[in-house]
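> Quick one: structure below, then a few questions.
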Amino acid sequence: MDYEKRFYKALSELFVGGKIEGEGGFVNLMKIKSKYFSEGILPELKRKVEEEIREFPEFRQELFEKLYSFFESFFSKNGCVYFANTPAYKSIYEKVYT
């Protein structure tokens, strides 16, 4: 799977989560959120990306590789900022012990 597909899959999992089944108010809200993402946010994001990289098409693979590695490194499955998967060489924060 290439980085573009991986990025959009990770973004979808982050925003929507898993498959939504069942009845009830919360389930309906999650279905609305899923529909909003797939019919509103995702097509607009893809359109913007295409528009921005039109001038530099050779940058496409690198862009999605960087986006995917950012999401993989800094976000947990539930969408929280999560540093446990961040490689030590990135040195994004100092460990402080009191």
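> For F75, list long-range residues whose amide hydrogen, built 1.01 Å from N in the peptide plane, is under 5 Å from its own amide hydrogen.
Those lying under 5 Å, H to H, from F75 are Y82.
> What is the Cα radius of gyration of the stretch 22-69 over 2.2 N^0.38 Å, N being its residue count? Intermediate results must be reported in sequence, preceding the final value.
Numbers: Rg = 15.6 Å, N = 48, 2.2 N^0.38 = 9.6 Å.
In units of the globular-protein estimate, the stretch 22-69 measures up at 1.63.
> In whole percent, what relative contact order does the stretch 1-82 give with Cα contacts below 8 Å and a gap of six or more residues? Before the final figure, lay out each step's value.
Details: 43 pairs, mean separation 39.5, N = 82.
Value for the stretch 1-82: 48 percent.
> Further question: Going down the table (K5/K66; K5/K48; K46/K66; K5/K31), which pairs top 18 Å between alpha carbons?
Details: K5/K66 13 Å; K5/K48 16 Å; K46/K66 16 Å; K5/K31 22 Å.
Long pairs (Cα-Cα over 18 Å): K5/K31.
> Report the semi-axes of the equivalent ellipsoid for the stretch 1-80 in whole Å, largest first, where each axis is √(5λ) for an eigenvalue λ of the Cα gyration tensor. Display every interim value, and only then the final one.
Details: eigenvalues 149, 47, 14 Å².
So the equivalent ellipsoid measures 27, 15, 8 Å along its semi-axes.
Here, each number is a calculation from the coordinates, and none is a lab measurement. Fair warning: this is a prediction, and the values are worked out from it, not measured in the lab.
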